[in-house]
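Participant: Below are the structure tokens for one structure; questions will follow.
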Amino acid sequence: MYRPHYKQYIRPDLVWRALAPGIVAVFLLFTACGQSTDSSPAVIVTNLTGQARIEIGANSEALTQGTRITRAGKVITEAGSSVDLLSPHHVGIRLLGNAEFDVGTLLEPDMRVSMEAGDILVRADRLSPGESLEVVTPTAVAAVRGTQFWGRVNPADQPGIFAVREGSVEITVRATNESVTVEAGRAVVIAPGGESIEERAAAEGELGAMEQIDEINLEP
């Protein structure tokens, strides 16, 4: 009895014509998803010296130049290291060694971040209407409306310091709710525990430290 071979009924050219639209559709779907991920808002590592990592929940990932941070997490720098972060809203932040920094809502126009330890330099001179930035430390909150400044968050038994290079920053002591607006060339010293705040001229070393702000890139 004659049994026709399956190849007589399956023509490769017809199979390809049937499958091609589906293959193309799947390819376009993956391409679109990739483009969406790449264009999603992100905090970008624009410069890195030494070692730094980000902790998101129980996960820890080493940072490299060009890393895109798309979720809130804690950035930690090693001793002698520094990392520059750029928000989608053209705010540049440099963290120096032994820093602990929570990204917070840096991805949103209403930016609120937390600095737990270390030195931070902020370049926020291109804020648009509706954008704002607050840096929260254990003893104070620095509210920014377009400025360049430096802050040092010390252990609880040492004073914290903010110094302003350009613009102004409103510093509010969390323990007493006392506020002071710090202008360019001025600084404030917050007593341990936030018991008091003292305004003075920025020291030469603080002004020198703020020269690094010129190195912070506001373009990805």
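Participant: When the chain is fully extended, how far beyond the present Cα-Cα distance does residue 65 get from residue 166, taking 0.36 nm per residue of separation? Numbers along the way, then the final one.
Facilitator: Working: separation 101, 0.36 × 101 = 36.36 nm, distance 2.74 nm.
Residue separation times 0.36 nm, minus the Cα-Cα distance, leaves 33.6 nm.
Participant: What trypsin sites (Lys or Arg not before Pro) in segment 147-188 are in a loop by DSSP, with at most 16 other Cβ atoms within 10 Å of the Cβ? Walk me through the numbers before you get to the answer.
Facilitator: Values: sites: 152, 165, 174, 186; in loops: 174.
Loop-located and lightly packed - 174.
Participant: Here's another thing I want to ask about it. Go through 111, 176, 42 and say which Cα lies farthest out towards the positive end of the charge dipole of segment 42-213; charges sit on Cβ, +1 for Lys and Arg, -1 for Asp and Glu.
Facilitator: Going by the charge dipole, the pick is 42.
Participant: In what sequence, highest mean first, do 84-96, 204-216 appear when ranked by Cβ atoms within 10 angstrom?
Facilitator: Numbers: 84-96: 21.9, 204-216: 14.3.
Going from most to least packed, we get 84-96, 204-216.
Participant: Can you give the extra length, in nm with one decimal, that the chain gains between residue 105 and residue 132 once fully stretched, where that is 0.36 nm per residue apart less the Cα-Cα distance? Display every interim value, and only then the final one.
Facilitator: Details: separation 27, 0.36 × 27 = 9.72 nm, distance 1.07 nm.
That works out to 8.7 nm of additional length.
Participant: Let me ask another. Can you tell me the alpha carbon radius of gyration of segment 42-213 divided by the globular rule-of-thumb value 2.2 N^0.38 Å?
Facilitator: Values: Rg = 15.0 Å, N = 172, 2.2 N^0.38 = 15.6 Å.
That works out to 0.96 for segment 42-213.
Participant: Further question on the same structure: Spin-label point model (7 Å from Cα, Cβ direction): what's the residue 175 to residue 211 distance in nm?
Facilitator: According to this spin-label approximation, the distance is 3.5 nm.
Participant: If you don't mind, another one. Could you compute Rg(Cα) / (2.2 N^0.38 Å) for segment 50-95, with N its residue count? Write out the running numbers ahead of the final one.
Facilitator: Values: Rg = 10.5 Å, N = 46, 2.2 N^0.38 = 9.4 Å.
That ratio works out to 1.11.
Participant: Still on this structure, please answer the following. Can you give the extra length, in nm with one decimal, that the chain gains between residue 40 and residue 219 once fully stretched, where that is 0.36 nm per residue apart less the Cα-Cα distance? Walk me through the numbers before you get to the answer.
Facilitator: Values: separation 179, 0.36 × 179 = 64.44 nm, distance 1.59 nm.
In short, 62.9 nm is gained.
Participant: At R0 = 25 Å, how high is the FRET efficiency between residue 51 and residue 203 if r is their beta carbon distance? Nearest 0.05 is fine. Walk me through the numbers on the way to the answer.
Facilitator: Values: r = 29 Å, r/R0 = 1.18.
For residue 51 and residue 203, the calculated efficiency is 0.25.
Participant: Using only the Cα atoms of segment 113-220, what do you get for the radius of gyration and for Dmax, in Å?
Facilitator: 13.0, 40
No lab work stands behind these numbers, since they all come straight from the coordinates. Predicted model, so just to flag it, every value in this text is computed and none were measured. Cβ coordinates were reconstructed from backbone atoms using ideal geometry, including for glycine residues, and neighbour counts include every protein chain displayed.
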